[in-house]
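One structure below.
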Amino acid sequence: MDKDEQNAYNEPMKPNSPRHKQLMKVRANLMAVLSETKIPFVMFESDAIWLQNPMEFFAKQQTVLDDANVVLSLNSIKGRQRLAANLIIAFANNGTRRLLQELRRQLNHDENLLDQEVIMNQLCHSQFGGVLCRQFSLFDISDGIWLRLSDGERLARRWPMIVHNNFYTQIEDKMARQAINGFWFLSPKNSCNLSKAQRILEKYNKIKKSGE
């Protein structure tokens with residue numbers, strides 16, 4: 001992959017476009033390779049908002065869910081797959097390796113299989129190769145519908161650690177929605193507005209303390 005091609009992957013891409021399909025295959029291939037190293041890992045998407053550092057929470061999952069192979073986030077949006085593939089904890093075991101190798105095989109074998117999320121749900125539902133998939137609570141790892149709640153509804157449901165930006169598909173729509181909700185921290189010159197990010201974190205920490 002030359003520099004121009006690398007830069008092309010940083011540009012907005014439409015869902016199910018050739019470049020998007022290729023990127024999903026690259027991601028599936030990477031997860032399959034990592035599963036062969038017997039190293040646990042977390043796959044996450046960079047457009048999510050992290051309201052706190054979840055690494056300690058992630059580490060605890062292997063103890064709390066000691067029978068699981070993978071832990072995935074949930075979709076709350078009607079008409080979508082139950083399990084979302086935008087955040088995955090993959091534990092280092094043979095079941096995880098079988099699951100991720102099968103995901104890679106199906107994506108690389110059939111060009112009509114466009115959606116990694118659909119395949120992952122099918123494999124988890126059928127308990128492929130004896131695999132056991134668990135899921136995060138929407139109170140901890142939320143999807144984009146959380147951004148549509150009022151402040152009162154957010155308080156009632158408690159603020160999650162991570163909010164995925166997956167309610168819309170076009171990148172411009174995602175950027176606009178994040179800005180409306182105060183979660184867009186890039187200036188027009190693509191530099192981080194640190195003070196704005198700090199205000200959101202202060203608000204989150206204040207709400208978190210009031211609920212404890």
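The values are calculated or read from the model by the stated rules, or taken from the named source; none is laboratory data. Remember, predicted model here, so these are calculated numbers, not experimental data. Every residue, glycine as well, gets a Cβ built from its backbone with ideal geometry; the counts of neighbours run over all protein chains shown.
The single condition among (1) under 14 Å from the mean Cα position of the chain (by Cα); (2) farther than 25 Å from TYR204 by Cα; (3) in a helix (DSSP H, G or I) that PHE58 does not meet is (2).
Kindly list the number of the only condition in (1) modelled with pLDDT under 80; (2) surrounded by 13 or more Cβ atoms within 10 Å (Cβ to Cβ); (3) over 15 Å from the mean Cα position of the chain (by Cα) that fails for ASP66. Only one criterion in (1) modelled with pLDDT under 80; (2) surrounded by 13 or more Cβ atoms within 10 Å (Cβ to Cβ); (3) over 15 Å from the mean Cα position of the chain (by Cα) is unmet by ASP66, namely (2).
Condition test on ASP151, is it at pLDDT below 75, within 29 Å of LEU30 (Cα to Cα), exposed (fewer than 15 other Cβ atoms within 10 Å of the Cβ) and of a type in the set (Asp, Glu)?
No; evaluated as a whole, the condition is false for this residue.
Evaluate region 166-180: report whether one residue or more is at pLDDT below 75, in a loop (DSSP other than H, G, I, E, B) and surrounded by 16 or more Cβ atoms within 10 Å (Cβ to Cβ). Yes: region 166-180 contains one or more residues that are at pLDDT below 75, in a loop (DSSP other than H, G, I, E, B) and surrounded by 16 or more Cβ atoms within 10 Å (Cβ to Cβ).
Residues in region 33-63 that are surrounded by fewer than 13 Cβ atoms within 10 Å (Cβ to Cβ) and among the polar types (S, T, N, Q): THR37, SER46, ASN53, THR63.
Suppose the filter is touching a strand residue (DSSP E or B) at 6+ places or on another chain (Cβ under 9 Å), crowded, with 18+ Cβ neighbours inside 10 Å and either modelled with pLDDT of 90 or more or more than 25 Å from ASN181 (Cα to Cα) (or both); does LEU30 pass it?
Values: touching a strand residue (DSSP E or B) at 6+ places or on another chain (Cβ under 9 Å): yes; crowded, with 18+ Cβ neighbours inside 10 Å: no; either modelled with pLDDT of 90 or more or more than 25 Å from ASN181 (Cα to Cα) (or both): yes.
Against the criterion (touching a strand residue (DSSP E or B) at 6+ places or on another chain (Cβ under 9 Å), crowded, with 18+ Cβ neighbours inside 10 Å and either modelled with pLDDT of 90 or more or more than 25 Å from ASN181 (Cα to Cα) (or both)), LEU30 does not qualify.
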